[in-house]
Amino acid sequence: MSEDRKKVILVDDNPINLKLARNTLMGKYDVFTVPSAEKLFQLLEKTIPDIILLDVMMPEMNGYEAIKILKNNEQTAHIPVIFLTAKSDTNSELEGFVHGAVDYVSKPFSPQLLLKRVDVHVLVESQKNELLHVNKNLQHLVDEKTEEVLELQNSILRTMSNLVEYRDDVTGGHIERTEHLLKLLLQEMYAQKIYEEEMEAWDVRLIIQSAQLHDVGKIAIRDNILMKQGPLTQEEFEQMKMHTSFGEKIIEKIQMSAKESIFLIHAKIMAGTHHEKWDGSGYPKGISGPGIPLQGRLMALVDVYDALTSERPYKKAYSHDEAVKIISDSGGIQFDPALIGAFLAAARRFVA
């Protein structure tokens, strides 16, 4: 038998019908004949055909019972089934279609009609499979292009965040570290199902990408403040605090020149709210509790942890344990108390 030819299984308890149908189709198809549904299922363990011609009225197991089994089996559900039947009433035909048959051929059948019906349904099935293959390839291409866009997007984000860090030598590496810490914190939150409903629609990759822009507003801060090697005066600190509002405005300008982007929405929220505090004493808006977007509450945790454990000209770096304790003790004051548990679990991985 040729591997290029389509396979047909004929199922009929009448050997004369089997012979006639086989002789009709064998010039174009590889034909397998079986006298019962039981023999059909035995054959299907070895051979998966392109179409099945199934007699309706058979002893032991009729065609309706057999097609139910075929359609409930993942390996055979896709195979088109044409019923062979001596019945000609509409109800019998309808029952077959309900169970998943694609066509009926009445017995005694015309050889030319049988061949034409088989040709049509084999062609339809082939075209359907080809369409599925094309769609699968298209989806693969779409996925590739999407990945390319994400990589380009990430590269642009990285360049923008690096512009901030090149000017702000004091906090060098801060963006990369907070991005990594945020990833670990999010993993713990998903594991512990904290704010599960709120994060259900989040794309973690976009959230982590967005974190790169949380300090983008520092681009608008004067060099004598941003690069100062020492503590800021109160007036200077008030200017520094404006980087949150500047960040929102910068991202808004990007949004105006680009299509609506989820990661820019997240980025704007993080830029504008990562210095808000749970008790309302933060800036720039002094919002409190659940009124602070979850993205900002998350960013606040990793931002402060990195600030505590990093050395500055005006302070030494806290140890990991000291920083974790400070943050833990600030739950319900500076930070969302519901996030502290996930933070403590993630903190064990921060050092590594």
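Summing +1 for each Lys or Arg and -1 for each Asp or Glu, what net charge is found among the other residues whose Cβ lies under 12 Å from the Cβ of GLY291?
Working: positive: LYS277, LYS285, ARG297; negative: GLU276, ASP279, ASP336.
Local net charge: 0.
Could you give the Stokes-Einstein D for the stretch 276-352 in µm² per second, using the C-alpha Kirkwood radius, 4 °C, 1.567 mPa s?
In µm²/s, the coefficient is 101.
Show me the trypsin sites (Lys or Arg not before Pro) within the stretch 270-352 that DSSP assigns to loop and that have at most 13 other Cβ atoms within 10 Å of their Cβ. Don't skip to the end; give the middle numbers.
Details: sites: LYS277, LYS285, ARG297, LYS315, LYS316, LYS325, ARG348, ARG349; in loops: LYS277, LYS285, LYS316.
Sites meeting the loop and neighbour criteria: LYS316.
Can you classify the stretch 217-285 as rounded, prolate or oblate using the Cα gyration tensor, where a ≥ b ≥ c are the square roots of its eigenvalues, rounded means a/c under 1.5, and otherwise it's prolate if a/b beats b/c and oblate if not?
Oblate, since a/c reaches 1.5 and b/c is not below a/b.
What 222 nm value per residue comes from the helices of the chain, counting each DSSP H run with n ≥ 4 as -39,500 (n - 2.57) and dividing by all residues, nearest 500 deg cm²/dmol?
-18500 deg cm²/dmol
Heavy atoms only, probe 1.4 Å: what % of the accessible area of the chain goes to carbon and sulfur, would you let me know?
Carbon-and-sulfur percentage of accessible area, whole number: 55.
What fraction, in whole percent, of alpha-carbon pairs in the chain exceed 26 Å separation?
63 percent
Ranking request for peptides 226-233, 19-26: highest mean number of other beta-carbon atoms within 10 Å first, then the rest in descending order.
19-26, 226-233
So if we plug the beta-carbon distance of LYS46 and LYS249 into 1/(1 + (r/R0)^6) with R0 = 45 Å, what FRET efficiency do we get, rounded to 0.05?
Working: r = 69 Å, r/R0 = 1.54.
The calculated FRET efficiency here is 0.05.
Mean separation of Cα pairs under 8 Å and 6+ residues apart, divided by the residue count of the chain: what relative contact order is that in percent? Walk me through the intermediate numbers first.
On the way: 458 pairs, mean separation 38.3, N = 352.
Relative contact order comes out at 11 percent.
In the stretch 1-76, if the dipole is taken from +1 on Lys/Arg beta carbons and -1 on Asp/Glu beta carbons about the Cα centre, which of ILE16, LEU54, GLY27 is farthest to the positive end?
Most positive-ward Cα: GLY27.
Specify the angular offset, from 0 to 90 degrees and rounded to the nearest 10, of the alpha carbon long axis of helix 262-273 from the longest principal axis of the alpha carbons in the chain.
Tilt relative to the chain: about 20 degrees.
Sorted by accessible area (1.4 Å probe), largest first, how do ASP30, ASP4 line up?
Details: ASP30 5, ASP4 140 Å².
Listed by decreasing accessible area, they come as ASP4, ASP30.
Dipole of the stretch 239-341, Cα-centred, from +1 at each Lys and Arg C-beta and -1 at each Asp and Glu C-beta, to the nearest 20 debye?
My answer is approximately 340 debye.
Taking the dipole about the Cα centre of the stretch 195-352, with the C-beta of Lys and Arg at +1 and of Asp and Glu at -1, give me whichever of LEU339, GLN234, ILE269 is farthest to the positive side.
GLN234
In whole percent, what relative contact order does the stretch 242-296 give with Cα contacts below 8 Å and a gap of six or more residues? Present the calculation step by step, with values, prior to reporting the outcome.
Values: 71 pairs, mean separation 17.2, N = 55.
Averaging sequence separation for qualifying contacts and normalising by length gives 31 percent for the stretch 242-296.
Quick check for me: using +1 on Lys/Arg Cβ and -1 on Asp/Glu Cβ, what's the dipole size of the chain about its Cα centre, in debye to the nearest 20?
Roughly 420 debye for the chain.
Just to check, using Stokes-Einstein with a Kirkwood Rh over alpha carbon pairs, what's the diffusion coefficient of the stretch 196-336 at 25 °C and 0.890 mPa s in µm²/s?
153 µm²/s
Against the empirical 2.2 N^0.38 Å scaling, what ratio does the C-alpha Rg of the stretch 1-120 come to? Provide the component values of the computation, followed by the final result.
Working: Rg = 13.1 Å, N = 120, 2.2 N^0.38 = 13.6 Å.
Dividing the Cα radius of gyration by 2.2 N^0.38 Å gives 0.96.
On average, how much accessible surface per residue is there in the chain, in Å², for a 1.4 Å probe, leaving out ligands, DNA and RNA?
Per residue, the chain has 54 Å² of solvent-accessible surface.
The values are calculated or read from the model by the stated rules, or taken from the named source; none is laboratory data. Because the structure is predicted, anything quoted here is derived from the model rather than measured. For neighbour counting, all protein chains shown are included, and Cβ atoms are generated from backbone atoms with ideal geometry for every residue, glycine included. Side chains are part of the model used for accessible areas, which takes the heavy atoms of the whole protein and leaves out ligands, DNA and RNA. Shrake-Rupley method; radii C 1.70, N 1.55, O 1.52, S 1.80 Å.
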